[in-house]
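Structure first, then comments.
The values are calculated or read from the model by the stated rules, or taken from the named source; none is laboratory data. Everything numeric here is computed off the predicted structure, so don't read it as measured data. Cβ: placed from backbone, ideal geometry, glycine included. Neighbour counts: every protein chain shown.
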Amino acid sequence: MGDVVRTLIAGLLVMGVAAPLASAQPLRPTARAVDAPPLRVPVDINPDPSVLEVNMSAYVADVEIGPGLKVRAWTYDGAIPGPFLRAKVGDRLIVHFTNKLPEATTIHWHGLRVPIAMDGVPGISQPPMHTGDTFTYDFVLRDAGLFWYHPHVMSAAQVGFGLYGALQVDDPSDGVTVDDEVTLVLSDIGFNTFGELEPADSGGPAGMVFGREGEHVLVNGRRTPTLTMRAGTVQRWRIVNTAKSRFFLIDMDGQPFTVIGSDGGLQSAPVTEQTLLVTTGERVDVLVAPRGTPGSTLSVRAMLYNRGYGSVQYRDVEELMRIRFTDAPALPARAMPKTSRRIVPTERAGATEVPIVLTLPPAGKDGKSAFRVNGVPFWEAKPFTAALGERQVWVIRNDTDWDHPFHLHGYFFLQLDANDQPVQPLAWKDTLNIPMKTTIKVLIDFNERPGEWMFHCHILDHAEGGLMGTVQVGSPSGRTHEHKPPPQ
Ligand code: C2O
Ligand code: CU
């Protein structure tokens, strides 16, 4: 796809496209946010249609999240979310990245099967990038799906301050034909009346244990944007939760969501849900056809979901966005497009079982708490090991009173049920919620790309608070390093 065409199509498909552009393209005239800016598409500096090459930098900038609501945020290229990177499966992505933040940073490409040197974990896969440093990320986009990018240095702080963006890898042959497509980046941010960011350590150790949430809920960087559409239009929504701790349980006044895919692209078959849970770091790909009286408005809400003490007590349902129906009569109801994907499950027989127990012992005398993986917080942990080509079943037992969305870098996995059968429909995951006091098994094939890969809770305060580890796939490179505790 040519640069101009790519930009045009991406512009048309994302939320908030300008009206003149939309009316010039009669095939996709139906959905646009009237008060939300589009996800910004960066300039592709490479004429090769199979390469997306961009310059990007991180810096502090004033960002308006709604009328009169300004925050001095940490941004990629000056906005929240960062540039919307969009390419086709098999394309090459090159990002020339410069750090203009007051602190060190890196970029981690969440969910992508990248070479280890592109994984962006400071001290493990790349040196931290100090202020003024430049690094070029360069890899092939092997899998279709919605992915995202964020720092891996002090990630609870930096993601919470606004550093995240969506990376969508399209498969033009996926056969999903809809009236319109929208990519939705869900997040939150906290700041005071002077527009100053809420400190990353607010609430002290209790804040860490809960997982800090920002008071302003954002959709594509805006508070309660409006999506305008004709009632009954079939839309494909690709949703990513980039919040550092907040879960989103999405309700559209009981209207159904047809889930067709998750982290690693389409799943084997669709499922219909009345509400949609998107935990931190996860993605969902859904078909919807919201209905309502022409001219009316429908609220899309985040309902209460109990991920641990503090998430439902004294909390309210939040309005995420509004759908405003045009005056055109509703389109007749019709069946959702059929989707399917042949997924060959990883062989369970012969896989090594690896027990993983997540705990939170009572706070020490200093009042500090630390989450532990198999008895140790991250800074005392030794890497797990896997031979290259080894298949493993990670039996993850969450003994704590909080949910933990468990994320593994570099590999997709399948969830297994209690009988060790893959959970149907089959779906490639890289982030999976382990509810409080629950055990969940996942099957991983460490079939390629030796290196030291991270796993951690994607409630980033939990990760920084100890709930992280690494798995050394293949023999270690010989380099030794120490995991250091974060300041709490
Ligand atoms: Cu979103 Cu370590 O990752
Ligand atoms: Cu957690």
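Within the range 455-465, can one find any residue that is over 28 Å from Leu360 (Cβ atoms) and either within 16 Å of ligand 1 (Cβ to nearest atom) or at pLDDT below 95 (or both)?
no
Take the residues in the range 19-56 that are at pLDDT below 95 and not in a loop (DSSP other than H, G, I, E, B), then tell me which one is surrounded by the fewest Cβ atoms within 10 Å (Cβ to Cβ).
Pro20
Checking the structure you have, find out if any residue of the range 426-434 is within 16 Å of ligand 2 (Cβ to nearest atom), under 27 Å from Leu146 (Cα atoms), out of contact with any Gly (no Cβ under 8 Å at 6 or more places or on another chain) and among the polar types (S, T, N, Q).
Yes, the conditions are met somewhere in the range 426-434.
Scan Asp143, Asp138 and give me the residue that is assigned to a loop (DSSP other than H, G, I, E, B), more than 11 Å from ligand 1 (Cβ to nearest atom) and under 30 Å from Ile343 (Cβ atoms).
Only one candidate passes the filter, namely Asp143.
Given the conditions (1) surrounded by 15 or more Cβ atoms within 10 Å (Cβ to Cβ); (2) out of contact with any Gly (no Cβ under 9 Å at 6 or more places or on another chain); (3) farther than 15 Å from Ile459 by Cβ, report the number of the one that His404 does not fulfil.
In the conditions (1) surrounded by 15 or more Cβ atoms within 10 Å (Cβ to Cβ); (2) out of contact with any Gly (no Cβ under 9 Å at 6 or more places or on another chain); (3) farther than 15 Å from Ile459 by Cβ, His404 misses (3) alone.
Mind listing whichever residues of the range 336-353 are surrounded by fewer than 17 Cβ atoms within 10 Å (Cβ to Cβ), farther than 30 Å from Thr258 by Cα and touching a residue at least 24 places away in the same chain (Cβ under 8 Å)?
Gly350, Thr352, Glu353
Within the range 146-169, can you find the residues that are more than 14 Å from ligand 1 (Cβ to nearest atom) and surrounded by fewer than 22 Cβ atoms within 10 Å (Cβ to Cβ)?
Hits for the range 146-169: nothing passes.
Checking Asp420 against (1) within 16 Å of ligand 2 (Cβ to nearest atom); (2) farther than 20 Å from Arg307 by Cβ, which single condition isn't satisfied?
Of (1) within 16 Å of ligand 2 (Cβ to nearest atom); (2) farther than 20 Å from Arg307 by Cβ, only one is false for Asp420: (1).
Out of the residues in the range 111-135 meeting the condition of being of a type in the set (Gly, Ala, Ser) and within 16 Å of ligand 1 (Cβ to nearest atom), tell me which one is nearest to Asp430 (Cα to Cα).
Gly111
Looking at (1) out of contact with any Gly (no Cβ under 8 Å at 6 or more places or on another chain); (2) of a type in the set (S, T, N, Q); (3) within 13 Å of ligand 2 (Cβ to nearest atom), which is the only condition Thr385 fails?
Looking at each condition in turn, Thr385 falls short on (3).
Within the range 118-126, can one find any residue that is among the β-branched types (Val, Ile, Thr) and either within 29 Å of Pro172 (Cβ to Cβ) or surrounded by fewer than 16 Cβ atoms within 10 Å (Cβ to Cβ) (or both)?
no
Quick check: is even one residue across the range 106-128 in a strand (DSSP E or B), touching a residue at least 12 places away in the same chain (Cβ under 8 Å) and among the β-branched types (Val, Ile, Thr)?
no
Quick one: which residue in Gly214, Gly203 is within 16 Å of ligand 2 (Cβ to nearest atom) and either closer than 27 Å to Phe161 by Cα or touching a Phe, Trp or Tyr at 6+ places or on another chain (Cβ under 9 Å) (or both)?
Only one candidate passes the filter, namely Gly203.
Among the numbered conditions (1) at pLDDT below 95; (2) within 16 Å of the chain's Cα centre (by Cα), tell me where Leu227 comes up short.
With respect to (1) at pLDDT below 95; (2) within 16 Å of the chain's Cα centre (by Cα), Leu227 is out only on (2).
Considering the range 323-335 alone, what residues qualify as being buried (at least 18 other Cβ atoms within 10 Å of the Cβ) and not aromatic (Phe, Trp, Tyr)?
Residue satisfying the conditions is Ile323 alone.
For the range 363-373, which residues satisfy the criterion of being assigned to a loop (DSSP other than H, G, I, E, B) and touching a Ser or Thr at 6+ places or on another chain (Cβ under 9 Å)?
Ala363, Phe371
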